[in-house]
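Take a look at the structure below.
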Amino acid sequence: MKALVTGGGGFLGCKIVRMLHAQNHQPIALGRNQYSELEELGIQSIQADIRDADALQKACQGIDTVFHVAALAGIWGKRQDFESINVAGTKNVIDACKKAGVSKLIFTSSPSVVFGTEPLCGVDESQPYPDRYLAHYPETKAAAERLVLAANDESFSTVALRPHLIWGPGDPHLIPRVVDRAKAGKLKIVGDGSNLVDITYVDNAADAHILAAHELSPSSPCAGRPYFISQGDPVSLWRWINEILTRLDIDPITRQVSPQMAQNVGRVFETVYKTLSLKSDPPMTRFVASQLGNSHYFDISAARRDFGYQPTISTHEGTNRLIEWMKSRR
């Protein structure tokens, strides 16, 4: 497999690149920066932006498989930025693949594309897109997912994977931010703390992408379809967060706020930040309030059936590895 990985220097993208390299494939990492740590392993990297259609077309020459991992993630920001990267950028990737004769596209989507305002408990891929979204990120990722799945045809096979809350050693965002907010006393349990949430260890998420790539073809059951990816066993969100905090010698979270109060506070912050054109993330938004207060976990039996996905690193083992890494960073 000669593969191009957009966002190849990011948390998940880099893991996919390294796994492909370890399996004697020929990965190329594409991103806006240079990745000397990959180049030292003999892995080629290309410095380019997915908003640059010409650069993408050049990068796709001689490639048979593209893993499109690059995206603008976040809870806040300008709609045009999310549109230009997540939607227009994805369209550029699709067009470049087709012009270069790439046969497979594996797209990193998100379960948030089906997340509106209600809990999602064990739903499968038949769950429809909601009528409205609470943030630009899930809305633009849903638009991008639609583009990818619609592009599937007899000569170009596509699949969309929806890994939920990717974490593990090297995590630059999710867990470190939670820990920092907890240390600063800025984190509260939303609701009664009983909500169940799916999570995905980074190695398992990367493995799912590679398994899907191997299976993907015009006649395979996964062509043109989305798939939820997770550990396959949701965690009690606040219990898991408090386990991590306790093992890092940080006081667990005990203060609580009602879901409705969190929603109201998020709405106020959104109004203020929008009115004042503030660029930093608000302390709370309606989307974050919904994510923290609701259950959201998914049925991954389709991924198990159609391309043999099986989470090989358990949540227990992954948490141990995460704690060791975070302690080493101190």
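Some points to look at:
- Top-ranked residue of the range 44-65 - restricted to ones that are in contact with a Lys or Arg (Cβ under 7 Å, 6 or more places away or on another chain) and not polar (S, T, N, Q), ranked as farthest from A213 (Cα to Cα): D49
- Residue ID - surrounded by the fewest Cβ atoms within 10 Å (Cβ to Cβ), chosen from residues in the range 167-204 that are part of a helix (DSSP H, G or I) and in contact with a strand residue (DSSP E or B) (Cβ under 7 Å, 6 or more places away or on another chain): L174
- Of all residues in the range 298-330, those being touching a helix residue (DSSP H, G or I) at 6+ places or on another chain (Cβ under 9 Å), hydroxyl-bearing (S, T, Y) and outside any helix (DSSP H, G or I) number 2.
- Subset of the range 174-215 (residues that are acidic (D, E) and either within 17 Å of the chain's Cα centre (by Cα) or closer than 24 Å to L4 by Cβ (or both)): D198, D203, D207, E215
- When the range 136-181 is filtered for residues that are of a type in the set (A, V, I, L, M) and modelled with pLDDT under 95, the ones remaining, listed by number, are L174, I175, V178, V179.
- Number of the condition not met by L41 [criteria: (1) in contact with a Leu (Cβ under 8 Å, 6 or more places away or on another chain); (2) surrounded by fewer than 16 Cβ atoms within 10 Å (Cβ to Cβ)]: (1)
- Listed here are the helices (runs of 4 or more DSSP H) enclosed by the range 35-134 that have at least 3 residues being over 27 Å from D281 (Cβ atoms): 36-39, 53-59, 89-100.
- Filter pass, A53 being surrounded by 15 or more Cβ atoms within 10 Å (Cβ to Cβ), out of contact with any Pro (no Cβ under 6 Å at 6 or more places or on another chain) and either within 16 Å of G170 (Cβ to Cβ) or among the β-branched types (V, I, T) (or both): no
- Any hit, the range 231-247, residues being of a type outside the set (V, I, T), within 30 Å of V159 (Cβ to Cβ) and in a helix (DSSP H, G or I): yes
The values are calculated or read from the model by the stated rules, or taken from the named source; none is laboratory data. Quick caveat: nothing in here was measured; it's all calculated off a predicted structure. Glycine also receives a Cβ, built like all others from the backbone with ideal geometry; neighbour counts cover every protein chain displayed.
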